[in-house]
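Asker: This structure is in structure tokens; I'll ask about it shortly.
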Amino acid sequence: MKQIKKALIPAAGLGTRFLPATKALAKEMLPIIDIPTLQYQVKEAVDSGIEEIILIISEAKEDIKKHFARNEEYEQYLIEKGKPEYAECIKNIATMAKISYVYQYEQKGLGHAVLCAKEAVGDEPFVIILGDDLIINENGLPVSKQMIDIYNETGCSVIGCQQVAPENVNKYGIMALKGELNNRRAILKDMVEKPDLDKAPSRLACLGRYLLTPGIFKELENTKPGKGGEIQLTDAIKSLALKEDVIVYDFIGRRYDVGDKYGFVEATIDFALKRDDMKDKVLAHIKELLENK
Ligand code: UTP
């Protein structure tokens, strides 16, 4: 069985939900305090044992490349200015992973973005990490690693899911299962895109993590553009599930929807409250706000 060595991080979308911030800045570079969301995704891949990260970007997103490139001149400047910890910090960003880039020249959807990386991935299973879903499993395995472990056991594609609140099922791709979840897993029967609650087959939503066998590329090539002329990854996964078992996995971790403004604020507050350099001040501020309410 082929090992999982590569992760794809699609980051070529337009990010319209975050306009005007994303007019000139990549959505993936918006920071949770001082770390761009994309850096968290790269770290998740590295912490999961991934050897090569393929970032899918557009021509408008060169700032991403700059962030992950080494800048020895700047490192030297920081050292001379007596800030060696910052020099180390920016060096680590550039050396933490082997990153390559693939361009998606037209924004024709997530499925199309993944298809753009066909050659870069090759004939190997791989992980997809979406930047909008920041998933933290403190003191436990990163979500991608949880999924890699399931692949190593079964050889199957794995879709990362979690239960969402009833009022949110119409925002996600919802899973229909063959049988019940057992040991947090089940075989995928079908996926329904953004169903009304009364038509939803479950409350298990696909939340930005996929582990796919290379068979997905053939399905993507045969997938006709759907809604908005976009090639949907979901449609290709549904076709794949007709040919091979695809596992639905209810992952362990706290997920933040940082592609959404409220989710972004939630993550910012929670992350600040976890930091020794900020916790007390932020907590005092929140208490003050509540007292004056
Ligand atoms: P989204 O549906 O969140 O699209 O894509 P978006 O353009 O980034 O955001 P909004 O909805 O306009 O605010 C999910 C993921 O797929 C990538 C995005 O970068 C994001 O990580 N994507 C989407 C691409 O790489 N290419 C595409 O054509 C579409």
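Every number in this text was worked out from the coordinates using simple rules, so none of it is lab data. These numbers were taken from a predicted model, which means no experiment stands behind them. Positions of Cβ are backbone-derived with ideal geometry, glycine not excepted, and every protein chain shown enters the neighbour counts.
Asker: Could you work out [θ]222 nm for the chain from helices alone, using -39500 (n - 2.57) per DSSP H run of at least four and dividing by all its residues? Round to the nearest 500 deg cm²/dmol.
Answerer: -10500 deg cm²/dmol
Asker: Quick one: length gained pulling residue 79 to residue 43 fully straight, 0.36 nm per residue minus the C-alpha distance?
Answerer: Result: 10.5 nm gained on full extension.
Asker: Moving on. So how much slack lies between residue 284 and residue 86, counting 0.36 nm per residue of separation and subtracting their Cα-Cα distance, in nm?
Answerer: 68.5 nm
Asker: Sticking with this structure for a sec: Quick one: if you stick a label point 7 Å off each Cα along the C-beta vector at residue 35 and residue 139, how many nm between them?
Answerer: Spacing of the two 7 Å Cα→Cβ label points: 1.8 nm.
Asker: Now for a separate question. Calculate how many DSSP beta bridges within the chain are antiparallel, expressed in % of all such bridges and rounded to the nearest 5.
Answerer: The antiparallel fraction comes to roughly 60 percent.
Asker: Further, regarding this structure: Just report the Cα centroid separation between region 187-257 and region 1-46, whole Å.
Answerer: So the two Cα centres are separated by 20 Å.
Asker: GNM on the chain, C-alpha springs below 10 Å: top fluctuator among 278, 147, 29?
Answerer: In this elastic network of the chain, the residue with the biggest mean-square fluctuation among 278, 147, 29 is 278.
Asker: As an exercise, find the ratio Rg/Rh for the chain from alpha-carbon atoms, using the Kirkwood inverse-distance average for Rh.
Answerer: 0.98
Asker: Run a plain Debye calculation on region 236-288 (Cα atoms as equal point scatterers, no solvent) and give log10 I(q)/I(0) at q = 0.13, 0.17, 0.27, 0.29 Å⁻¹, rounded to two decimals, same order as the q list.
Answerer: Calculated log10 I(q)/I(0) at the listed q: -0.55, -0.69, -0.99, -1.03.
Asker: Under a Cβ-only charge scheme (Lys and Arg +1, Asp and Glu -1), can you give me the dipole magnitude of the chain about the Cα centre, in debye to the nearest 20?
Answerer: 440 debye
Asker: Which of the pairs 108/218; 43/98; 23/91 have their Cα atoms more than 23 Å apart in this structure?
Answerer: Over 23 Å Cα-Cα: 23/91.
Asker: Most exposed first by the Cβ proxy, i.e. fewest other Cβ within 10 Å, how do 196, 250 rank?
Answerer: Starting with the residue having the fewest Cβ neighbours, the order is 196, 250.
Asker: Taking the alpha-carbon centroid of each part, what is the distance from region 260-276 to region 66-139 in angstrom?
Answerer: If you average the Cα positions of each part, the centres end up 22 Å apart.
Asker: Expected output is a single nm value to one decimal: the length gained when fully extending between residue 71 and residue 106, i.e. 0.36 nm times separation in residues minus the C-alpha distance. What is it?
Answerer: Separation in residues times 0.36 nm, less the Cα-Cα distance, equals 9.6 nm.
Asker: Given a Förster distance of 25 angstrom, what is the FRET efficiency for residue 181 paired with residue 51, based on the Cβ-Cβ distance and rounded to 0.05?
Answerer: 0.20
Asker: Okay, moving on. Could you compute the net charge surrounding residue 112? Neighbours are other residues with a C-beta less than 12 Å from the C-beta of residue 112; K and R count +1, D and E count -1.
Answerer: -1
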